[in-house]
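Q: Have a look at this one.
Only the coordinates and a few stated rules stand behind these numbers; no lab work does. All values reported here derive from a predicted model rather than from experimental measurement. Reconstructed Cβ throughout: ideal geometry from the backbone, glycine too, with neighbour counts over all protein chains shown.
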Amino acid sequence: MAKQHMKVAIIEVIDNQLAANDPPETRQTLDRLLLEGHSEKDAKKLIGCVVTAEIFDVLKKGEPFNLERFIQALNALPKIPEG
């Protein structure tokens, strides 16, 4: 059950980023992945991998949110970030 809640929370983060256009690279990445033939659901799952990797670095490694690292990981999709 907790896993499902986490998935919903990650998608909510992505939807909030898209709605606020902050960072704009999230929208740009979604649009690019859609053009590459990914479904919206799959594209958001890929973006969710980047969000999750960044959350991991912040929580587990005690690192501050790193916008540059986040954007680089978005730009590298569909390659999944390594954790």
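Q: Give me the residue from segment 50-83 that is of a type in the set (Val, Ile, Thr) and under 21 Å from Val8 (Cβ atoms) and, out of that set, surrounded by the most Cβ atoms within 10 Å (Cβ to Cβ).
A: By that ranking, first place goes to Val50.
Q: Does any residue of segment 34-42 turn out to be in contact (Cβ under 8 Å) with a residue 24 or more places away in the chain and either among the hydrophobic types (A, V, I, L, M, F, W, C) or out of contact with any Ser or Thr (no Cβ under 7 Å at 6 or more places or on another chain) (or both)? Steps first, please.
A: Narrowing segment 34-42 to residues in contact (Cβ under 8 Å) with a residue 24 or more places away in the chain: 36, 38.
Those still in the list that are either among the hydrophobic types (A, V, I, L, M, F, W, C) or out of contact with any Ser or Thr (no Cβ under 7 Å at 6 or more places or on another chain) (or both) too: 36, 38.
Yes: segment 34-42 contains one or more residues that are in contact (Cβ under 8 Å) with a residue 24 or more places away in the chain and either among the hydrophobic types (A, V, I, L, M, F, W, C) or out of contact with any Ser or Thr (no Cβ under 7 Å at 6 or more places or on another chain) (or both).
Q: Within segment 12-49, which residues are surrounded by 13 or more Cβ atoms within 10 Å (Cβ to Cβ) and more than 17 Å from Ala73 (Cβ to Cβ)?
A: Leu34
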